[in-house]
Structure formats: C-alpha cells, structure tokens
Amino acid sequence: MSPMIAMMLLLEVLVFTGCGGNKVPDTHYYQLAAPTKVDRGGELTLVLEALSTDQAYDDERIVYRTTPYRLDYYQYHRWSAAPGTMVGNYLEQSLERSGRFRAVTRELTADAPAMLGGRVVAIEEVDASKGSWAGRIVLELTLTETKTNRLLWTEQFEETEPLTRQTPEGLAQALSVALGRIADKAGPLIESAARTGQLNAVR
C-alpha cells in the first residue's frame, strides 16, 4: 500500500470517528402553566375559535431576539404545540375558571351568544442586555355575535414579564404570568360584550 493511500484511509477513519462522536443535542419541549385558580359560576356560554399566529411566530421553535430588527430561533428548545394552539388552550382554561362563564367550548352551541377569536401577534424572549431578559406576548382578541357574525368587541393586548433566569423554562414561566394578566384584563370585557350578544339574540 502506498503512503498516499494509507494517508487517505487514515483521514477517512478520523473523519468517520469524529462525526460519530458528535451527539445531536436532545430536543426539549415547554408549555404554558395553566392557571390554578378555579372559580365556578357565570351564566354565559362562550365559544372559543382557534387562534391564528403571525407568520414569524407560527413555529414550535421558541423565538428570541437581541435587537428590534432580528429574530432567532432556539433549535433544540420548542413549544409543546404551535403558539396559537398553546395560547388558545391557556385562554380556554383561564376563562372557564374565571367564574365569569358557565362554560367555554370549542364547538358552536345554540346557547352561546358570542364567539371569541384572534391571533398571536408575538410570543418571544427579548434579551435587552446580558443581565436583562423578558418574555413578551402580544395578543389580539375579537368577539363576534354567533348568529350574525357582527363584531361586538376587539382589542390588542401586550404584556412583558422579566425572566428570573435566562432559560427556555424561565421564559415559559414568564409568559404564563404575562398571559395571565391579559386573561384577567380581557375577561370582564369579553363578558360585557358577550352580554350584548345575548341581548341581541333574544330580541
């Protein structure tokens, strides 16, 4: 065997063993924590539609940004579901446990005067500096009358919550708190507008 061929074979072995030693990192999944407070009551049934998501955030990969002009994605840290699904599930549980509604359902029912929909405009980690990080969520909600599809109410909410630690789990915790504040603010507005839909239904 010539020295050149021997050297080529040695290089192939080194490349092969080197590639085999690079283990692909495990992918980790995160979700928003459901609200623990449970209040029962309310007279209205609310229908919750699937939420849409702006294209840049419509991805299970978690988004982070270090400047206002650039988005990046964590490759091996992902949401347990698409953001629209995840935020919708949170709102369903939060509104149902708020004591303002008899039920929150995903299917249209005859006794539901109003239907809640909307879109996730942004859901991300914002790294302002090496020691300052926050979870940011922007959510647009729209309530329509079920029988006529007439607009009853719409509003956009934005909340940020500082991260206690710069990890994807810390981000999930911060966004859970931020989304909880949105649900608390939106709940009475949704209930009030839904009652308008109920009055229209009996006229």
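Below, the figures for the structure above:
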{"quantity": "Residues residue 147 and residue 177, FRET efficiency given R0 of 22 Å [Cβ-Cβ distance, rounded to 0.05]", "calculated": "0.05"}
{"quantity": "Selected from 74, 90, 188, residue furthest toward positive end of dipole (segment 65-203; charges at beta carbon)", "calculated": "188"}
{"quantity": "Computed magnitude of the charge dipole of segment 29-202 (debye, nearest 20; Cβ of K, R +1, Cβ of D, E -1)", "calculated": "220"}
{"quantity": "GNM flexibility winner over the chain from 88, 180, 41 (Cα, springs under 10 Å)", "calculated": "41"}
{"quantity": "Fewest-first ranking of 80, 129, using other Cβ atoms within 10 Å as the exposure measure", "calculated": "129, 80"}
{"quantity": "Tensor-based shape of segment 128-180 (alpha-carbon gyration tensor, a/c under 1.5 rounded, otherwise prolate or oblate)", "calculated": "prolate"}
{"quantity": "Choice from 155, 125, 60 with maximal GNM fluctuation in the chain (Cα, 10 Å cutoff)", "calculated": "155"}
{"quantity": "Within segment 24-68: backbone nitrogen closer than 18 Å to the residue 85 label point (7 Å, Cα to C-beta)", "calculated": "27-34, 48-63"}
{"quantity": "Sequence-distant residues sharing a close amide H with residue 118 (under 5 Å, placed H)", "calculated": "52, 142"}
{"quantity": "Option label - Rg and Dmax of the Cα atoms in Å computed here, alternatives (i) 15.8, 53; (ii) 23.6, 96; (iii) 33.0, 111", "calculated": "(ii)"}
{"quantity": "Loop-located trypsin sites (Lys or Arg not before Pro) in segment 17-108 whose Cβ has at most 14 other Cβ within 10 Å (DSSP)", "calculated": "23, 37, 40, 106"}
{"quantity": "Anisotropy class of segment 111-200 from Cα gyration tensor, a/c 1.5 cut", "calculated": "prolate"}
{"quantity": "Förster radius 45 Å - calculated FRET efficiency between residue 192 and residue 26 (Cβ-Cβ, nearest 0.05)", "calculated": "0.45"}
{"quantity": "Cβ-based net charge around residue 136, under 10 Å, with every Lys or Arg adding one and every Asp or Glu removing one", "calculated": "-4"}
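Rule-based calculations on the coordinates, nothing more; no lab input. As the structure is a prediction and not an experimental result, all values here were calculated from the model. Glycine gets a Cβ as well: all are built from the backbone with ideal geometry, and neighbour counts include every protein chain shown.
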